[in-house]
Amino acid sequence: MVPTRQIGAVDPVLLRTMQEASGAVAAYIDRKSLSKDDAGRIERMLAAAALPLLSESEILEASGLAWAAYLRVRTLAEEIAPGSRIRIHDLRGDGTPAVVRIAPGLIEETIKSDRSGFLNGLDGLPVAHLSKGSHEVLSTFICFENESSRLASDITTLCVKLLLICENAVIDGDHLVLRKVRFDPGKARRHGIPEGPLFAMLAGGKAVDIEGRRVTPDAVQTTSVKRIHIPGLESYI
């Protein structure tokens with residue numbers, strides 16, 4: 001990738017001159033050194049010059065990609081999820097970007113169960129993930145088309161293994177069945193347990209005594225079951 005150039009509060013003519021002289025294909029703004037108005041003015045100038053504005057983290061993540069490939073990835077990401085953000089993992093070199101779709105429920109449960117483990121696992125894969133709004137990881141990923149089948153398998157395998165380790169999960173044919181047991185404050189209140197230390201003890205798996213009665217954790221728990229359909233599930237174990 002061609003290095004970006006940091007630009008201060010410059011006028012449009014100077015911006016074009018700098019772009020032509022440096023061969024810059026993107027820009028980075030050091031917002032700490034600029035007022036909000038100056039930063040906004042430069043953003044508008046960059047947009048008019050069709051120069052992408054990258055953050056420091058984006059520059060570092062995209063450094064292993066050919067610039068043309070990076071632009072194609074950005075374009076595809078905007079088509080998939082307008083306004084989304086891209087995080088590039090070990091995607092390097094050049095190629096034609098392709099979409100890899102994973103079961104949304106599988107991604108959602110994996111993030112809830114082991115967010116850091118999942119993101120660390122992606123760091124070793126030639127893939128980019130998208131985020132938007134409150135969704136840190138969307139279920140649609142981008143890789144190069146010659147690796148799309150392998151990446152779909154690798155990401156699914158990563159999710160399944162993390163869930164089997166971290167969750168009370170079992171395999172039922174082509175379904176990954178997640179069983180979650182949670183402390184239920186409503187049930188605790190119905191058993192006459194006041195909020196406070198006794199709540200914490202029950203939530204931590206300890207029985208409590210109140211008014212001559214013993215209340216065990218299982219008496220104030222709620223169990224939920226979620227089934228995620230994954231065709232060919234046994235091949236991902």
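Annotations
- Annotation note: of GLY212, GLY205, the sole residue that is touching a Pro at 6+ places or on another chain (Cβ under 8 Å) and free of Cβ contacts under 8 Å to residues at least 24 places away in the same chain is GLY205.
- Within segment 184-206, the residues that satisfy the criterion of being among the hydrophobic types (A, V, I, L, M, F, W, C), surrounded by 13 or more Cβ atoms within 10 Å (Cβ to Cβ) and either within 27 Å of the chain's Cα centre (by Cα) or farther than 30 Å from LEU106 by Cβ (or both) are ALA188, ILE193, LEU198, PHE199, MET201, LEU202.
- Residue within segment 134-156 that is surrounded by fewer than 16 Cβ atoms within 10 Å (Cβ to Cβ), under 11 Å from the mean Cα position of the chain (by Cα) and within 21 Å of ALA81 (Cβ to Cβ) present: yes
- Yes/no for ALA69 being assigned by TED's automatic domain parsing to the domain that holds LEU119 and either modelled with pLDDT under 75 or not in a loop (DSSP other than H, G, I, E, B) (or both): yes
- Flag if VAL137 is of a type in the set (Val, Ile, Thr) and touching a residue at least 40 places away in the same chain (Cβ under 8 Å): no
- Failed condition for ALA128, given (1) within 15 Å of the chain's Cα centre (by Cα); (2) exposed (fewer than 15 other Cβ atoms within 10 Å of the Cβ); (3) not aromatic (Phe, Trp, Tyr): (2)
- Hey, ILE171 out of contact with any strand residue (DSSP E or B) (no Cβ under 6 Å at 6 or more places or on another chain) and surrounded by fewer than 13 Cβ atoms within 10 Å (Cβ to Cβ) or not: no
- Residues (within 23 Å of GLY133 (Cβ to Cβ) and of a type in the set (Lys, Arg)) located in segment 58-85: ARG74, ARG85
- Scope segment 89-101; condition under 18 Å from LYS132 (Cβ atoms) and either in a loop (DSSP other than H, G, I, E, B) or modelled with pLDDT under 95 (or both); matching residues: HIS89
- Some residue of segment 48-57 being modelled with pLDDT of 80 or more, touching a strand residue (DSSP E or B) at 6+ places or on another chain (Cβ under 6 Å) and either farther than 15 Å from HIS129 by Cα or not β-branched (Val, Ile, Thr) (or both): no
The values are calculated or read from the model by the stated rules, or taken from the named source; none is laboratory data. This one's a predicted model, so the numbers in the text were calculated from it and none came from an experiment. Reconstructed Cβ throughout: ideal geometry from the backbone, glycine too, with neighbour counts over all protein chains shown.
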